[in-house]
Amino acid sequence: MLSARSLFQEIVDHDDTFQLFCSIAAGGESQGGWENARIAALVPEGMRDLAPKIARHGADEDKHGRIFNALLRKRGLEPVPVPPETDYTMLLERRGIGLAHDRLRRQDPLSERDIVVYLSHSRVTEQRAADQMGVLAGHFGSHPELGRAVRMISHDEDNHLAYCHEELLRLARQGHGRTIHRVLRESALAEIAVYRDVSLAVMEHMGRLLRWPAPKAAALAAGIRGAYGYERFSGWHRMVRLSPPERRGALDGAPVAAPEFA
Ligand SMILES: [Fe+2]
Ligand SMILES: [Fe+2]
């Protein structure tokens, strides 16, 4: 039977697919860590209060990258190169979504508008991360090898999403509402297409490694396209809504360490 659970189980059970899955995940997390660290360093004077939260966000993502690498190490596997067509962050950047890496490599401070763009983009991508990790934690939260890792990452991603809601609502009250609304919409519509393309590419790699029969691969691809159809029709709205989060100040304070993984 084709379910998300059986699919992940198959990927986790085989070293080749587990290696690719963890490598792609580690790459995306470390990239997020680097971006947030750069943005924290370049926050404009009038928004300095946000810098520690952005730095904390980056530290969390870096930790996630280390966790996925530690899962590989525990199985005696090395990270493998991430195929470009599965590189979510790079593909989003190429569509002009979020802040360009060239910009982040420069030393001059960002503008307030840049920070608004960054947070709006994060609200969309953190929704994806929180949703995905929620599904993984639901299926593998008590798995002996993965349970602790997926529960910890899932909890962090929920925090990141709560922080984006809280800060964007604050910035909207300060008069950035129109920009936020526009960037959220653009980011969400681009993100759902990139997510579809990356999912198709990842599944193609997994199918090859697991020697899936053509009908199984075709059914999965149809499922991914169907999910995109739903997101394009109405699902994307969930990525652009702003509501006061239950967890306030989710990124205040130091990150929770993960000594068993680091
Ligand atoms: Fe993460
Ligand atoms: Fe995150």
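The values are calculated or read from the model by the stated rules, or taken from the named source; none is laboratory data. Treat the numbers as computed from the prediction; the structure is a model and nothing was measured. Here the Cβ positions follow ideal geometry from the backbone for every residue, glycine too, while neighbour counts run over all protein chains shown. With ligands, DNA and RNA removed, areas are computed over all heavy atoms of the protein, side chains included. Shrake-Rupley method; radii C 1.70, N 1.55, O 1.52, S 1.80 Å.
Results, tabulated for the structure shown:
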| item | result |
| --- | --- |
| Residue among L7, L2, L20, L50 that is out of contact with any Pro (no Cβ under 7 Å at 6 or more places or on another chain) and not in a helix (DSSP H, G or I) | L2 |
| Matching residues in the range 148-168 - criterion: being closer than 19 Å to K53 by Cα and open to solvent by 40 Å² or more (accessible area, probe 1.4 Å) | H155, D158, E166 |
| Condition broken by E78, with the remaining ones in (1) more than 29 Å from D114 (Cβ to Cβ); (2) in contact (Cβ under 8 Å) with a residue 60 or more places away in the chain satisfied | (2) |
| Failed item, numbered, when V202 is tested on (1) closer than 30 Å to K74 by Cα; (2) open to solvent by 30 Å² or more (accessible area, probe 1.4 Å) | (2) |
| Scope the range 62-86; condition open to solvent by less than 40 Å² (accessible area, probe 1.4 Å), of a type outside the set (A, V, I, L, M, F, W, C) and not in a loop (DSSP other than H, G, I, E, B); matching residues | K63, H64, G65, T86 |
| Failed item, numbered, when V135 is tested on (1) buried (at least 19 other Cβ atoms within 10 Å of the Cβ); (2) under 16 Å from the mean Cα position of the chain (by Cα); (3) hydrophobic (A, V, I, L, M, F, W, C) | (1) |
| Every residue from the range 102-160 that is aromatic (F, W, Y) and within 16 Å of ligand 2 (Cβ to nearest atom) | Y118 |
| So P109, is it closer than 21 Å to A70 by Cα, over 15 Å from the mean Cα position of the chain (by Cα) and open to solvent by 60 Å² or more (accessible area, probe 1.4 Å) | no |
| The lone exception for A254 - which of (1) of a type in the set (A, V, I, L, M); (2) under 26 Å from E93 (Cβ atoms); (3) modelled with pLDDT under 95 it fails | (2) |
| Pairs, first under 18 Å from L71 (Cα atoms) in the range 152-164, second charged (D, E, K, R) and within 10 Å of ligand 1 (Cβ to nearest atom), C-beta under 6 Å, six or more apart | D156/D60 |
| Residue selected from the range 32-44 under the condition out of contact with any Ser or Thr (no Cβ under 9 Å at 6 or more places or on another chain), over 18 Å from L168 (Cα atoms) and in a helix (DSSP H, G or I), by the criterion nearest to ligand 1 (Cβ to nearest atom) | G33 |
| Among (1) loosely packed, with under 15 Cβ neighbours inside 10 Å; (2) in a helix (DSSP H, G or I), the one test that V12 misses | (1) |
| Residue selected from the range 112-130 under the condition of a type in the set (V, I, T) and over 13 Å from the mean Cα position of the chain (by Cα), by the criterion most open to solvent (accessible area, probe 1.4 Å) | V117 |
| Yes/no for R56 being open to solvent by less than 50 Å² (accessible area, probe 1.4 Å) and either outside any loop (DSSP other than H, G, I, E, B) or among the polar types (S, T, N, Q) (or both) | yes |
| Which numbered condition P144 fails, given (1) modelled with pLDDT of 95 or more; (2) under 27 Å from R66 (Cβ atoms); (3) open to solvent by 40 Å² or more (accessible area, probe 1.4 Å) | (1) |
| Enumeration of residues in the range 225-252 that are outside any loop (DSSP other than H, G, I, E, B) and either open to solvent by 30 Å² or more (accessible area, probe 1.4 Å) or among the acidic types (D, E) (or both) | R225, G226, A227, Y228, G229, Y230, E231, R232, F233, H237, R238 |
